[in-house]
Amino acid sequence: MRSLWISQLWILAAVFYDAGGESLSDPCERKSCHTMETCEVQDGKAVCVPNFTGQCSVEGGLNFKTCDEYHFNFQGTGSYIFSQYTGSDLPPYQITIKNDNSGTQKVWLGGKVKIIIYGLEITMDSQEVPKIQVNNKMTELPVSLAGGKIIIRRSGLRSILETDTNIQITCDGNSKVALSIPSIYHHSVSGLCGNFNNDPSDDQQSPEGNLMGTTIGWAASWKVSDHDPTCSDVCPGTCPFSEESKKKLDGRNDNCGNLFKKDGPFRDCISKVCPNKFFDGCLYDTCRNDGVKVILCQALEAYADSCISRGINIYDWRTSSDCEVAE
């Protein structure tokens, strides 16, 4: 009778625990996650997932969006800190960007993204996609670095870097650099991507924590020396921005005005994602580049991506704007 009772105890234990002693009823009971993470059971295992994700990007070397959805235009051609970790609980990282357009070219030629993490210096150059540099050595993709903590792969014309802490950096061969960081970095980053505290009103902080009054002054405060004598924080020449100038540039045709057309390709998105910032950026870019078609297409694509990322349906904007699909 005693042996039967002991056998029943073993059967009961086997129901609730695996061979390693983990509770099968709730694997998350013994899982420790960072602040701003939640434990979820995936394929029977406890996994820490971020509560939310911050998205920062720069389009065409000019149009920026911070992790807190603050939009601004900045045309500096130096090297600037895009984002860096200011906490102490996670592996440190620093990302700098450099716009290669010195102001003499009519079309944006791309730029460089430099990532310092896990003791490595990784450079993603839009003119070298899909190759990258690791500690100044040209490297083919895909590649695994730092014992698997960094994976860099190719997807079409894009180079995508991913870390074990769920940071993702994307650099394409045309016009966009994007950073995705999980909520564990909430309120512990700084740079042109902002401080990631869900408040866009205080993103323009200098490295000393001072709120800056102008975009140029703020961005210039994040400039780092790269020994390039052609670097400048301002754009040579100016572009008109009066309402009359906007109407003239828009022309109510198929250019930047496509963003507002009630029967246009973005009609389902207009009421959900305000196109004003994208419109201003579109006008600025096309003005600065004398209406070069590729610049217009990049501007419209930025708005299209923003709509799609929110699950909003858009229609064929490339045909009406004569924008070819990038191969």
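Hey, with R₀ at 45 Å, roughly what FRET efficiency would LYS45 and ASN210 work out to, going by the Cβ-Cβ distance, to 0.05?
Details: r = 45 Å, r/R0 = 1.01.
Efficiency, from the Cβ-Cβ distance: 0.50.
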Taking the Cβ of THR86 as the center, what net charge do the other residues with Cβ under 15 Å away carry, scoring Lys and Arg +1 and Asp and Glu -1? -4
Under the rule rounded for a/c under 1.5, else prolate if a/b exceeds b/c, else oblate, using alpha carbon gyration tensor axes a ≥ b ≥ c, region 153-221 is classed as oblate
Can you give the extra length, in nm with one decimal, that the chain gains between THR35 and MET138 once fully stretched, where that is 0.36 nm per residue apart less the Cα-Cα distance? 33.3 nm
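At a threshold of 8 angstrom on Cα-Cα distance, excluding pairs fewer than six apart, so keeping six or more, what relative contact order does region 120-221 reach in percent?
Values: 159 pairs, mean separation 14.0, N = 102.
Over region 120-221, the number comes to 14 percent.
Tally Lys and Arg at +1 and Asp and Glu at -1 over the other residues with C-beta under 10 Å from the C-beta of PHE196: what net charge comes out? Before the final figure, lay out the partial values.
Numbers: positive: none; negative: ASP68, ASP199, ASP203.
Around PHE196, the surrounding residues sum to -3.
Given LYS45/LYS149; LYS31/LYS98; LYS262/LYS293; LYS131/LYS261, which pairs have Cα atoms separated by over 31 Å?
On the way: LYS45/LYS149 20 Å; LYS31/LYS98 41 Å; LYS262/LYS293 23 Å; LYS131/LYS261 40 Å.
In this structure, LYS31/LYS98; LYS131/LYS261 lie more than 31 Å apart at Cα.
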Separation of the ASP268 and ASP89 label points, Cα + 7 Å toward Cβ, nm: 4.0
Note down the nm distance, to one decimal, between modelled labels 7 Å out along Cα→Cβ at GLU324 and at LEU157. 1.0
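For a quick check of your reading of the filter: which chymotrypsin sites (Phe, Trp or Tyr not before Pro) in region 171-226 sit in a DSSP loop and have no more than 12 other Cβ atoms within 10 Å?
Working: sites: TYR185, PHE196, TRP218, TRP222; in loops: PHE196, TRP222.
Answer by residue number: there is no such site.
Find how much the distance from SER309 to GLN168 grows on full extension, using 0.36 nm per residue of separation minus their present alpha carbon separation; answer in nm with one decimal. Kindly include the intermediate steps, with their values, before the conclusion.
Working: separation 141, 0.36 × 141 = 50.76 nm, distance 1.56 nm.
Between SER309 and GLN168, full extension yields 49.2 nm more.
Quick one: net charge of CYS48's neighbours, Cβ under 14 Å, K/R +1, D/E -1?
On the way: positive: ARG30, LYS31, LYS45; negative: GLU29, GLU37, GLU40, ASP89, ASP164.
Local net charge: -2.
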FRET efficiency, 1/(1 + (r/R0)^6) with R0 25 Å, evaluated for ASP316 and LYS293 via beta carbons: 0.90
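Rule-based calculations on the coordinates, nothing more; no lab input. Bear in mind the structure is a predicted one, so any value in this text is a computation, not a measurement. Glycine gets a Cβ as well: all are built from the backbone with ideal geometry, and neighbour counts include every protein chain shown.
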